[in-house]
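Read the structure below first, then the notes.
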Amino acid sequence: SPEQALAAPTLEAAEVASAVAPVHAGVGARARPLASPVRVTSFDAVGELFANLERLRGRLAADVRTYQQALDRTRAADAAKREFLAAVSHELRTPLNSILGFAQVLLESDLTKDQADDVRLILAGGSQLKDLIEDILDLSMIESGQLELRFAPCSLAELVEELVDIHQAQVRERGVELGAEIIGEIPPVVCDRRRIGQV
């Protein structure tokens, strides 16, 4: 039977122990009598085997449940994070779009050169802030592998000048002068303008 086949090695080991024990008990003055061999039955061996298998199965099932619970918590946290970022970006973009729209209307009105330059800085800074808000959303998209680049013709000279104007006030407070010199004509390139600006 299957039980006998599984228990055979254990029973043979028990029989060998029974045969060897009396021999060793009488060898030499310092030899100690071995403990009486315990007779292992087929029922005992198979029962212990299945008990061990059951314990292993229980531990494996517990490990699987723990892993699944951790995975569920991670997925729930990722979903909550994406919802939070989407809500925050919406709350920020709504008033920012109004500011940019008003600045654009103001730029088309009768302004002095200095006033027009100031409004252009507002537009440039607002556009950069809008890009930063988009970057927050990009973080979750990067994690999920869904980030896409948006390629379009771009003037690198205009982009560099715009970035210099945006950061000019920040570096001036630290006593640093920021400038850029563009030599020669740079042909338009096809790229993701916002990503280039981030670099």
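Scanning region 36-75 for residues that are among the hydroxyl-bearing types (S, T, Y) and either surrounded by fewer than 12 Cβ atoms within 10 Å (Cβ to Cβ) or at pLDDT 70 or above (or both) yields S36, T66, Y67, T74.
Mind checking which residues of region 109-137 are farther than 30 Å from R82 by Cα, of a type outside the set (V, I, T) and either surrounded by fewer than 13 Cβ atoms within 10 Å (Cβ to Cβ) or touching a helix residue (DSSP H, G or I) at 6+ places or on another chain (Cβ under 9 Å) (or both)? Those that are farther than 30 Å from R82 by Cα, of a type outside the set (V, I, T) and either surrounded by fewer than 13 Cβ atoms within 10 Å (Cβ to Cβ) or touching a helix residue (DSSP H, G or I) at 6+ places or on another chain (Cβ under 9 Å) (or both): S109, D110, L111, K113, D114, Q115, A116, D117, R120, L121. Remark: pairs (first residue in region 81-108, without any contact (Cβ under 8 Å) to a residue 40 or more places away in the chain and under 13 Å from S127 (Cβ atoms); second residue in a helix (DSSP H, G or I) and of a type in the set (D, E, K, R); Cβ separation under 6 Å; 6+ apart in sequence or on different chains) = L96/K130. Just to be sure before I move on: is V105 on the phi < 0 side of the Ramachandran plot, touching a Leu at 6+ places or on another chain (Cβ under 7 Å) and β-branched (V, I, T) in the structure I sent? Answer is no for this residue. From the list L129, L106, the one residue that fits, being in a helix (DSSP H, G or I), under 30 Å from V164 (Cβ atoms), of a type outside the set (F, W, Y) and under 29 Å from the mean Cα position of the chain (by Cα), is L129.
The values are calculated or read from the model by the stated rules, or taken from the named source; none is laboratory data. Please read all numbers here as calculations on a predicted model, not as lab measurements. For neighbour counting, all protein chains shown are included, and Cβ atoms are generated from backbone atoms with ideal geometry for every residue, glycine included.
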